[in-house]
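The values are calculated or read from the model by the stated rules, or taken from the named source; none is laboratory data. Here the structure is a predicted model, which is why all the values come from computation and not from measurement. A quick note on method: Cβ atoms are made from the backbone with ideal geometry, for glycine too, and the neighbour counts reach across all protein chains shown.
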Amino acid sequence: MPYLRVALDIPLARLFDYMAETAELDMVGKRVVVPFGNRRLVGLVLEVDELPADPSLKIKPAEGVLDDLPALSAAVLDLLRFCADYYQYPLGQVVHTALPGRFREVGYFRVPPACAYQACDPDALMASLKPQARTQRRVAGLLAQPRSEAELRALAPSAWKLAQAWLAQDKLRSVPLAAVTLQVAAGPALNPEQAAAVAAIAAGQGFACHLLRGITGSGKTEVYLHAIAAILRAGRQALVLVPEINLTPQLEARFRHRFPGTAIVSLHSGVADGERAAGWVRAARGEAAIVLGTRLAVFTPLPRLGLVVVDEEHDASFKQQDGLRYSARDIAVYRARLAGVPIVLGSATPSLESWQNAVAGRYRRLDLVQRAVSGAQPPSMRLLPTRRQPLQDGLHAATLAAIGERLARGEQSLVFLNRRGYAPVIHCSECGWMAACTRCSARLTVHLRERRLRCHHCGWEQHFPPACPGCGNADIKPVGQGTQRLEATLASLFPEARVQRIDRDSMRRKGSFEAALKAIHAGEIDILIGTQMLAKGHDFPALTLVAVVGADGGLYSADFRASERLYAQLAQVAGRAGRADKPGEVLIQTDFPEHPLYQALLADDYAAFAATELAERKLAGFPPFLHQAVLRAEADTLAEAIAFLNRAVALAPESSEVTVWDPVAASMMRLASRERAQLLVQSAGRSRLGAFLAAWMPRLRSERNAKVRWSLDVDPLEL
Ligand code: ADP
Ligand code: ZN
Ligand code: ZN
């Protein structure tokens, strides 16, 4: 009797054996329902064997195979095995992270095969329509050829409804989707840099990683679209990953518009469960030609994968911060390598990991230096020294003058401050008291409008105290700038201006962000105050001024990645200014105008910035010159967390090439009433670190400690 080796969503790093009545090799990659304790679980068959892995165990029969989905291919299973190894995460849980939620439920999930539609008798269909029914006649004309649902929907919502009605009346017949000929709508003619990039991507045979560097508006997306068109013509599929915030309806529309007949599946957290599962199935069956998604889409099965694109590859949202702590960008590169296909990593400010890979010759650099639209000038950038300058509520006189000019000209300004709330802290000048969160090692942020103090780490809130709880002083003051305070300041300085703040607090209600974007486009707003939320992915044609305040914090941070993030953020927010025919201006208020980061930014010299940073990292022994993993532990008390980590150090395998540091309290030691500590492990060799972790983790997992929750983070972005 054959045995099925099944991956279950259980936090144990092993597979589970079940007996099958009959089993064929093609059960590998399929879902099964199995008894587990007194539950029924859905598992995935990873192996079929003649013998059980452990003959001493009593083995139960599997209930049955759910034969509704295409089996996961060996290529996808290899990718999942790699993830389990690399991130030292139980394979069963990796498998279930990679599957859409629907497939983890016991039950069938059927997706009707996608097909195309064609008029049975085009002339008769046309003749049956009134001469004045223009839309109907246009749709009927199109249906002389096979057309996909995507194509009809792209045409007009009514086109798809019409087609369904005609199908019901037997005026149309369904034909295989493959009968639809690929259409590629014309885009702008590529400039020489873009053409060279597209040619380089298409030229290679097999795997190659291209690092496409170009500022916002330099035409990277256009390069992706051309490269995708080439592989679609060859009958292959494309996987395109973008950060959540960039996956806008505009981007989707741009893809659908370019490839009108093509089934494009969009996968992100906003897509309902059922739709996500259906999209996954269509991709796995090869019916969808393009998967456009966020990090979770990296695992989507694509039997004819021909190209992978990761846009804004430096973006931190590609890294999952809980559970399976994977980097979708890194997995995408590995996936392209496994599949033997090219991958394009695009960014204005590549991650220093990717940049170093290009410097070392592992990745090929493709540069777009010009803005794609002729006539559009990059914004002029200026630093406004703030040291020993009289500021008006934190704003430089030149900033205020520039906003005033925009108002007079009917143009928009954005004041960028990446700190929510009214002020970062409230302070008593008599006794030095500051409002702190009782559950975290963090200050409470002042939210004046709601008259509340709020912890941005755990969400704890309390009323604004009427007087200092320490000494009774009634004169306690918010200190520092937050977006709310900036909003109040600007509203009083420019009473005639329409001011809109855009941050996570003001955009909490569903739909409010979309409404604000619409108002900006309609020119109903003069001054925008925004955090990171506004920095990315949006095009505001009337916005000609970006003023940055409070950026200096990123220059001298303890976090070695802070300056990399700051550069990326400033380059991105600067890219908001002057995209159309109007030249843009960027003003950065700073106490350190001579700092090399600002100087590189001013010269738009990312290479210079990267070279300086990489030299420092090499000297100091930081990634990408070393590989890191961090073991985190949390418990009710710091002592318990540290004790666990000390035990972990004692269990660590001997390795002269891996450094295990002492446990330390996390920089955010208390979080939501739990205390946290961590342990850094690093090595110059990626595979040596991997071997070390592979030997270490099983020992740690066999430790029982109910008080401590721990997790391993390989290639952590934050320490
Ligand atoms: P990025 O992705 O680098 O921000 P896009 O590809 O979105 O840049 O291009 C920015 C704008 O320039 C878009 O409106 C795009 O249609 C246009 N564009 C891109 N390439 C060209 C080109 N070669 N000629 C004219 N317009 C172009
Ligand atoms: Zn006091
Ligand atoms: Zn808190």
Among residues of the stretch 553-574, those that are more than 20 Å from E718 (Cβ to Cβ) and either of a type in the set (D, E) or in contact with a Pro (Cβ under 8 Å, 6 or more places away or on another chain) (or both), counted: 1
In the set L444, L453, L490, L448, which member is crowded, with 21+ Cβ neighbours inside 10 Å and either more than 16 Å from ligand 2 (Cβ to nearest atom) or not assigned by TED's automatic domain parsing to the domain that holds I527 (or both)? L490
Would you pick out the residues in the stretch 414-444 that are more than 10 Å from ligand 3 (Cβ to nearest atom), without any contact (Cβ under 8 Å) to a residue 40 or more places away in the chain and assigned to a strand (DSSP E or B)? M434
Any idea which of (1) assigned to a loop (DSSP other than H, G, I, E, B); (2) β-branched (V, I, T); (3) free of Cβ contacts under 8 Å to residues at least 60 places away in the same chain is the one V198 doesn't satisfy? (1)
Please tell me if E353 is at pLDDT 95 or above, part of a loop (DSSP other than H, G, I, E, B) and not hydrophobic (A, V, I, L, M, F, W, C). no
Looking only at residues that are more than 36 Å from the chain's Cα centre (by Cα) and not hydroxyl-bearing (S, T, Y) in the stretch 408-430, which one is modelled with the highest pLDDT? A408
Take residues that are at pLDDT 90 or above and touching a helix residue (DSSP H, G or I) at 6+ places or on another chain (Cβ under 6 Å) and tell me which of the strands (runs of 3 or more DSSP E) falling wholly in the stretch 28-143 contain 1 or more. 39-49, 115-119
If R364 satisfies every condition in (1) farther than 30 Å from R498 by Cβ; (2) surrounded by fewer than 20 Cβ atoms within 10 Å (Cβ to Cβ); (3) over 32 Å from the mean Cα position of the chain (by Cα) but one, which is the exception? (3)
Filter the stretch 510-535 down to the residues that are outside any helix (DSSP H, G or I) and within 24 Å of the chain's Cα centre (by Cα) and list them by number. K510, G511, I529, G530, T531
Read through the list (1) modelled with pLDDT under 95; (2) among the aliphatic types (A, V, I, L, M); (3) buried (at least 24 other Cβ atoms within 10 Å of the Cβ), then give the number of the only condition that V310 fails. (1)
Those residues of the stretch 454-511 which are closer than 23 Å to N418 by Cβ, more than 16 Å from ligand 3 (Cβ to nearest atom) and among the small types (G, A, S) amount to G480, G482, A488, A491, S492, A497, S506
Please determine, by comparing only the residues of the stretch 237-249 that are surrounded by fewer than 19 Cβ atoms within 10 Å (Cβ to Cβ) and in contact (Cβ under 8 Å) with a residue 40 or more places away in the chain, which one is nearest to ligand 1 (Cβ to nearest atom). N246
Name the residues in the stretch 584-600 that are out of contact with any strand residue (DSSP E or B) (no Cβ under 7 Å at 6 or more places or on another chain) and under 20 Å from H396 (Cα atoms), would you? D591, F592, E594, H595, Q599
Number of positions in the stretch 358-407 that are at pLDDT 95 or above, in a loop (DSSP other than H, G, I, E, B) and not assigned by TED's automatic domain parsing to the domain that holds Q589: 4
Would you mind finding the one in L712, L693 that is more than 30 Å from H456 (Cα to Cα) and crowded, with 17+ Cβ neighbours inside 10 Å? L693
Select from the stretch 331-382 the residues that are β-branched (V, I, T) and within 23 Å of V548 (Cβ to Cβ) and list them in ascending order. T349
Surrounded by fewer than 19 Cβ atoms within 10 Å (Cβ to Cβ), touching a residue at least 40 places away in the same chain (Cβ under 8 Å) and acidic (D, E), is that true of D49? yes
First in the stretch 692-719 and within 21 Å of E640 (Cβ to Cβ) and without any contact (Cβ under 8 Å) to a residue 12 or more places away in the chain, second anywhere and of a type outside the set (G, A, S) and part of a loop (DSSP other than H, G, I, E, B), Cβ under 8 Å, 6 or more apart: none
Please go through the stretch 662-685 and give me each residue that is surrounded by fewer than 14 Cβ atoms within 10 Å (Cβ to Cβ) and not small (G, A, S), ordered by number. D662, M668
From (1) under 17 Å from L712 (Cβ atoms); (2) not assigned by TED's automatic domain parsing to the domain that holds V708, pick out the condition that doesn't hold for L619. (1)
Say whether the condition of being surrounded by fewer than 16 Cβ atoms within 10 Å (Cβ to Cβ), aliphatic (A, V, I, L, M) and part of a loop (DSSP other than H, G, I, E, B) is met by at least one residue in the stretch 603-618. yes
Right, P663: in contact (Cβ under 8 Å) with a residue 60 or more places away in the chain and under 29 Å from L444 (Cα atoms) or not? no
